[in-house]
Amino acid sequence: MRERDRHHLPDHDHRRLGRELALFGTDPLMGAGLPYWLPDGEVLRHTLEEYVREAERVAGYRHVHSPVLGKRELYEISGHWEHYRDDMFPPMRLGAEEVVLRPSLCPHHALVYRSRARSYRELPLRIAELGAMYRSEPSGVLGGLTRVRAVHLNDAHVFCAPGQAAAEARAALGLIRRAHADLGVRAARYRLSLPGTGGKYVADPELWRRSTALLREALDGLPYEAVEGEAAFYGPKIDVQIADAAGRESTLSTVQIDFHQPERFGLRYTGPDGAGHRPVMVHRSVIGSVERAVAHLIEAHGGAFPAWLAPVQLVVLPVAEAQADRAYALVRQAVARGLRAEVAAPDRGSLGARVRAARRAPYQAVIGAREAEGGDLVDVRLRDGRRPGRVSGDALLRRITDRVRARGPELWASP
Ligand SMILES: [Zn+2]
């Protein structure tokens, strides 16, 4: 983006706030569409990743890790080479082989599934990975975190019997709903994305009929709208649409049902009858790509993130130099409890200016001469304007720790 254009961005635009809050940046030498993350941005990323891994673990997913490169042949088998090549980076020649930056994680997970014989007793087998994939977006559309060439996707594939697929898709929608609530993301609607016309899609009417019927079953009782031309090349999907402040819709989370790749990779499991059967792949993403998720969160919250996500959760403000030691001691205690805290020291300006500068932090603790006289007291101010008043530093840290663990929007619930 040109410097001149940046000044015309709306206040909540994630590119503007990303710069103002020092979350991420780009450099022409790293390349367009390849943002780097600064420490406060990395906190957001990492906290999101930890959140989603924990949610997946308790939902029965196992995590794997697979490489960002694969042989061209792998994507010929998956169908990406035929249907998705325009969005892929060109292959790199390596001796007699050609390797490709992966355009998706699905083929790798199909190989993980295929790495040994599977029994129906293991199904549904849920394999998750938060991994990098690459898209050769044209340079004209690149900007901020929403259109990037390196995407870090919260992805998972559930390998299951056809009779389990609708329930797995439904359970994935439940995971998505919970994540949206914890993140303060407002879902706009469910969209059932069907294929359109043209050669972009795998030509197999029976496959589309079966997978669409299963997704409709997963959506049963929920309001949704079917739209043509938005499916993946190998199957239909449910897009959980979210809306930004201006009402523009975009997709973070998706659930897809795929009969195509199990067929192409010859996936099998042994059924109760002792014979070989073909599993179904349910592809799902709870928060989508980390880049898009962070872009949306920045804009949705105007940089004032829920306490559990905030890069700085507590700012301690000594009124004068005399209280600085106490302020640093409180920050050390907060850090030791796993909280993210910092001191806004008097050399950074008047108390009013420092309070304003720290306005996006969920908690502020002011320490003046009166608080210092009272032993361990601090004067607490919340981001939403409430002033709970004087409490002990220890009580404040306990309260914040509880709120961070609860992941709710409420900053000061009764203990
Ligand atoms: Zn997939």
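Using the number of other C-beta atoms within 10 angstrom as an exposure proxy, rank His65, His296, His109 with the fewest first.
Least crowded to most crowded, the residues run His65, His296, His109.
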Packing-based exposure ordering (other Cβ within 10 Å, fewest first) of Thr254, Thr146: Thr146, Thr254
C-alpha long axis of helix 324-336 to longest principal axis of the chain, angle in °: 30 degrees
Estimated 222 nm signal from helices in the chain, with DSSP H stretches of n ≥ 4 weighted -39500 (n - 2.57), rounded to 500: -10000 deg cm²/dmol
Within a Gaussian network of the chain (alpha carbon springs, distance under 10 Å), most fluctuating of Val286, Val227, Val158: Val227
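How high is the relative contact order of segment 3-301, in percent, counting Cα pairs under 8 Å that sit 6 or more residues apart? Intermediate values should be presented prior to the final figure.
Values: 556 pairs, mean separation 62.7, N = 299.
Once normalised by length, the contact order is 21 percent.
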Val343, Val316 arranged by Cβ crowding within 10 Å, fewest neighbours leading: Val343, Val316
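Could you grab the relative contact order for segment 201-308? Cα pairs under 8 Å, six or more apart, rounded to a whole percent. Display every interim value, and only then the final one.
Values: 131 pairs, mean separation 23.4, N = 108.
RCO, segment 201-308: 22 percent.
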Taking only Cα atoms of the chain, radius of gyration then Dmax in Å: 24.6, 79
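Could you compute the net charge surrounding Ser392? Neighbours are other residues with a C-beta less than 11 Å from the C-beta of Ser392; K and R count +1, D and E count -1. All intermediate terms of the calculation are to be shown ahead of the outcome.
On the way: positive: Arg390, Arg398, Arg399; negative: Glu371, Asp376, Asp394.
Spelling it out: positives minus negatives among the neighbours equals 0.
Please tell me the relative contact order of segment 82-185 in percent, rounded to the nearest whole number, where contacts are Cα pairs under 8 Å and at least six residues apart.
On the way: 98 pairs, mean separation 26.0, N = 104.
In percent, rounded to a whole number, it is 25.
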GNM top mover of Ala358, Ala150, Ala172 - the chain, alpha-carbon springs below 10 Å: Ala358
Degrees between helix 39-58 axis and first principal axis of the chain (Cα, 0 to 90, nearest 10): 50 degrees
Rg to Rh quotient for segment 1-138, alpha carbon positions, Kirkwood Rh: 1.05
C-alpha long axis of helix 393-406 to longest principal axis of the chain, angle in °: 20 degrees
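Every number in this text was worked out from the coordinates using simple rules, so none of it is lab data. This one's a predicted model, so the numbers in the text were calculated from it and none came from an experiment. Note that we place each Cβ from the backbone using ideal geometry, even for glycine, and neighbour counts take in every protein chain shown.
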